[in-house]
Each structure stands twice: as structure tokens, then as C-alpha cells.
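Here, each number is a calculation from the coordinates, and none is a lab measurement. It should be emphasised that the depicted structure is a prediction, and the values quoted were computed from it without experimental measurement. Backbone-built Cβ (ideal geometry, glycine too); neighbour counts: all protein chains shown.
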Amino acid sequence: MKTTRYLLITMVMALVTLSAMASDNNANSLNERFYKAKLREMVYRLHITTEQQKKFEPMYRAYCEEMTALWNDRKKPIKPSTSTDAAAIAKRKMEMQQRAQGIRMKYIDKFATVLNARQIDRFFDVESAIQKKLKERREQARGQ
């Protein structure tokens, strides 16, 4: 009886572990697909040549990873109960935006070694449009 119970518990633990690993793989796969779609959109909308793309892609991947890490680091939003709480939340948002701006400043010089002036000028507009499109799709999915 104890052996059967032990075996059953072991099997359940193994299934839970495998399930967690599978969801991690799915999340990583989804993140990779999303990154590749963003890269394709950037290449298309900025008219990046094949030669430019070879140099741009590793820089853009590093940029996306830093931005993703920054936004994933934020705490879950809470509803402020006092004006002091609301001020603290607003300050936290501004700090995150400031850190994001620092990452953008860091990478714009790197991108300028590969992209031409027109591409650099449009880079953040295109990125913003991609993010807006993603947000709209998420909201549509939640609404359905």
C-alpha cells in the first residue's frame, strides 16, 4: 500500500514537473516567434537590406532582451488606496520609463553603425507601431 502510494505521488510529481517544463518551452517558443515577427516587421518597414540585417539582428535581439527584462521586472499593478500610494505608483512608472529611455539611448548609437539616417529616424516610430498593434490584439483576445 505504501509502495503504491509512493509510486503514485512520484508519478504525479513527475507529471507536474513535465507540465511546468512544457509551459516554459511554450512560453520561450512564443517569445521567440514574437521576436522573429517583430524583426521581420522592422526589416520590412525600415527597408533593411540583407547585409544590414546580418549586423542589425544581433543588436536588435540584445535590445529586445533588455527591454523585455526591464518590463518583466515590474511589479503587478495594485490599486492605490491613498494619494501617497498613487504617487509611489506613478513614480515607479516614471522610473521604469526612464530606465527604458536609457536602454534606447544606449542602443541608438549601436543601430546607427548599421542603419542609415532615414532608418534611424523611423526606428522608434516603427517599434511603437508594432507595440500598439500587439496591445490591440491582446485586448481583442481578452474581449473574445
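Would you be able to tell me the number of residues in region 91-120 that are farther than 16 Å from residue 57 by Cα, surrounded by 11 or more Cβ atoms within 10 Å (Cβ to Cβ) and small (Gly, Ala, Ser)?
2
All but one of (1) assigned to a helix (DSSP H, G or I); (2) over 23 Å from residue 73 (Cβ atoms) hold for residue 134; state the number of the condition that does not hold.
(2)
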